[in-house]
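Input: a single structure, listed below in structure tokens.
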Amino acid sequence: MRGILHAELSDGSIRSLPCDSVILAVGYKEDNSLYHEVEFDVPEIYLLGDAKKVNNIMYAVWDAFEVANHI
Ligand SMILES: Cc1cc2nc3c(=O)[nH]c(=O)nc-3n(C[C@H](O)[C@H](O)[C@H](O)COP(=O)(O)OP(=O)(O)OC[C@H]3O[C@@H](n4cnc5c(N)ncnc54)[C@H](O)[C@@H]3O)c2cc1C
């Protein structure tokens, strides 16, 4: 069934959009399960990027740089 999505924009205005469904891509959470699964089985392992802390591409790149720089 077609509905109307009312979205409040960053400037405070309201925009209404006709839609069939709405997907909210929010509330990211780290997935470090693989790291914890194998951390004691391999001699050297590093947790970095989104798996360590959900952030953005710059964080992931700098995190990887820092880790690689200290190996
Ligand atoms: C919808 C969305 C939009 C985004 N938009 C932006 C943006 O505009 N600007 C910005 O700076 N950041 C954005 N980000 C965040 C950015 O994408 C992440 O912060 C960044 O990609 C993290 O890099 P990463 O290398 O840590 O993880 P990822 O890029 O997620 O890479 C992890 C890789 O590991 C692989 N993998 C996972 N499990 C396994 C396994 N068991 N075996 C083998 N491979 C595996 C995955 O398939 C993936 O290829 C966005 C994120 C999302 C979800």
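Could you provide, to the nearest whole Å², the per residue accessible area of the chain with probe 1.4 Å?
Each residue of the chain exposes 89 Å² on average to a 1.4 Å probe.
Two decimals is fine: what's Rg over Rh for the chain, C-alpha atoms, Kirkwood radius as Rh?
Across the chain, the Cα-based Rg/Rh ratio is 1.25.
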What size of dipole, in debye to the nearest 20, comes out for region 3-69 about its Cα centre when the only charges are +1 on Lys and Arg C-beta atoms and -1 on Asp and Glu C-beta atoms? 340
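Could you compute the FRET efficiency for LYS52 and ILE23, with r as their C-beta to C-beta distance and R0 at 30 Å, rounded to 0.05?
Here the calculated transfer efficiency is 0.70.
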Difference of contour (0.36 nm per residue) and Cα-Cα distance, ILE45 to GLU8: 9.0 nm
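When the chain is fully extended, how far beyond the present Cα-Cα distance does ILE71 get from HIS36, taking 0.36 nm per residue of separation?
That pair, ILE71 and HIS36, stretches by 10.6 nm at full extension.
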In deg cm²/dmol and to the nearest 500, what is the mean residue ellipticity at 222 nm of the chain if only DSSP H runs of at least 4 residues count, each as -39500 (n - 2.57), divided by the residue total? -7500 deg cm²/dmol
Given a 1.4 angstrom probe, I'd like the percentage of the accessible area of region 3-69 that is carbon and sulfur, rounded to a whole number. 59
Beta carbons within 10 angstrom, averaged per residue: use that to sort the peptides 18-28, 48-58, highest first. 48-58, 18-28
What is the helix-to-structure angle for 57-69, meaning the angle in degrees between its Cα long axis and the longest Cα principal axis of the chain, kept from 0 to 90 and rounded to the nearest 10? 0
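The values are calculated or read from the model by the stated rules, or taken from the named source; none is laboratory data. What you see is a predicted model; the values in this text were computed from it and never measured. Because the Cβ atoms are built from the backbone with ideal geometry, glycine has one as well, and the counts that use them run over all protein chains shown. Areas reflect the complete protein model, heavy atoms only, side chains present, ligands, DNA and RNA absent. Shrake-Rupley method; radii C 1.70, N 1.55, O 1.52, S 1.80 Å.
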